[in-house]
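I have placed the structure first, in the form of structure tokens, so that the comments after it can refer back to it.
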Amino acid sequence: MSTRGDGAVVEHKTSRDPAMTDVARLAGVSHQTVSRVLNGHPNVREQTRLRVRAAIAELGYRPNKAARALVTGRSQLIGVVAQNSTLYGPASLLAAFEAAAAEAGFAVSVGRVNVLDRNSISDAVERHRDQRVAGIVVIAPTASANDAVGDVSAGIPLVTVDGDPERSTPLVTVDQAAGAFAATTHLLEAGHRTVWHVSGPSDWFDSLGRIRGWRSALETAGLEVPPVVPADWSAASGYRAGQMLARMPEVTAIFAANDHLALGILRAMSERGRRVPHDVSIVGFDDVPEAAYFIPPLTTIRPDFHAVAKETLELLLAQVGDGDVGASQRTVAPTLVKRDSVAPPTQ
């Protein structure tokens with residue numbers, strides 16, 4: 001209190017943020033009813049729900065997320081387990097998921113692991129559990145990571161991204177086989193008699209799916225299926241594969257498992273004097289930002305990482321809201337991006 005100049009006593013109100021009890025008082029309901037409205041409880045009359053929402057808006061009330069987490073056992077936090085990698089695909093998936101989660105009002109805690117094995121993933125999952133996350137997403141593109149996901153105990157919403165399509169767990173993935181089929185078919189439609197494939201690592205589901213799609217396109221066309229040329233995801237590996245293929249005049253079309261492999265192949269062909277696309281046509285996968293600036297600009301397959309992120313979030317939140325969704329799996333079709341690295345064969 002203080003005294004004005006005329007001697008009157010003035011009481012100063014303490015400034016504070018509005019509380020749930022303030023909302024309840026203004027709406028004429030109990031604080032339990034306000035809590036039910038905030039948590040989306042179905043047993044609240046629509047008229048009451050609207051009155052509570054109006055009071056929330058008028059007071060500018062913001063729920064205390066920490067307190068809410070104590071009551072529900074969950075937070076507005078989603079845990080993601082991902083490999084500590086700069087590979088374009090996994091990094092793009094992670095960035096897209098963080099953006100989708102933020103738009104839905106969730107923060108993301110990323111547990112990065114150096115190796116995608118049982119111990120590393122299990123430790124990362126337990127750290128997320130300690131944070132009382134609402135759910136967990138595991139980006140599990142390899143066989144070892146997928147096996148580790150199977151060890152995660154029940155009781156928490158979980159979605160795997162780019163995991164094994166044969167596993168009966170919630171999964172979202174790019175349709176790798178469909179993308180590879182489209183890439184190979186595009187080369188065949190240009191007039192090539194067969195298509196060679198430089199693959200990614202043999203323990204990656206992305207790589208295996210792209211091999212299946214490539215082989216299926218050739219078998220569907222009744223054409224010869226050449227042996228797979230094994231590689232990893234790097235441009236250096238593509239360059240080594242390209243050095244071998246450049247010495248083989250019968251090779252006129254190549255589907256590379258990613259754009260970095262295609263970049264290495266382009267250099268090897270150039271050094272050998274084999275022009276792309278005049279002598280050899282090449283299609284990649286991923287549509288990295290630089291692909292349009294390769295020489296020549298690279299025809300490639302573009303995965304929709306934002307769609308994968310959206311489907312992953314929807315599948316995870318369905319578990320948060322309704323419980324177990326069983327073996328729900330979703331695939332996202334990629335797109336063929338035509339540029340200048342494909343042409344009809346000259347021989």
Within the stretch 203-347, what whole-number % of the accessible surface is contributed by carbon and sulfur, with the 1.4 Å probe and all protein chains included in the calculation? 52
Calculated from the structure, volume of the Cα convex hull per residue in Å³ equals which of (1) 145; (2) 128; (3) 195? (3)
Roughly what % antiparallel, to the nearest 5, for the DSSP beta bridges in the chain? 15
Rounded to the nearest 10 Å², the accessible area of TRP204 at probe 1.4 Å: 20
The chain: most fluctuating residue of VAL228, VAL29, VAL276 per GNM, C-alpha cutoff 10 Å: VAL29
Report, in degrees rounded to the nearest 10, the 0 to 90 angle that the Cα long axis of helix 176-189 makes with the longest principal axis of the chain. 40
Kirkwood-based Rg over Rh for the stretch 237-284 (C-alpha set), two decimals? 0.90
Give the percent of DSSP beta bridges with both residues in the stretch 191-347 that are antiparallel, rounded to the nearest 5. 25
How much length would be gained if the chain were fully extended between ASN119 and SER30, taking 0.36 nm per residue of separation minus their Cα-Cα distance, in nm to one decimal? 27.3 nm
First measure r as the distance between the Cβ atoms of SER202 and ARG127, then evaluate 1/(1 + (r/R0)^6) with R0 = 51 Å and state the FRET efficiency to the nearest 0.05. 0.95
Given charges at beta-carbon only (K, R positive; D, E negative), |dipole| of the chain in Debye: 880
Whole-Å distance linking the alpha carbon centroid of the stretch 240-294 with that of the stretch 114-192 is 29
In bins 5 Å wide, starting from 0, what share of all Cα pairs of the stretch 150-260 does each bin hold, as a percent? 2, 12, 20, 20, 17, 11, 7, 5, 3, 2, 1, 0
Estimated [θ] at 222 nm from DSSP helical runs (n ≥ 4, -39500 (n - 2.57)) normalised by residues in the chain, nearest 500: -13000 deg cm²/dmol
What does the convex hull of the Cα atoms of the stretch 233-347 come to per residue, in Å³, rounded to a whole number? 117
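The values are calculated or read from the model by the stated rules, or taken from the named source; none is laboratory data. Owing to the predicted nature of the structure, the values given are computational and were not obtained by experimental measurement. Because the Cβ atoms are built from the backbone with ideal geometry, glycine has one as well, and the counts that use them run over all protein chains shown. Ligands, DNA and RNA are excluded from the accessible area calculation, which covers all protein heavy atoms including side chains. Shrake-Rupley method; radii C 1.70, N 1.55, O 1.52, S 1.80 Å.
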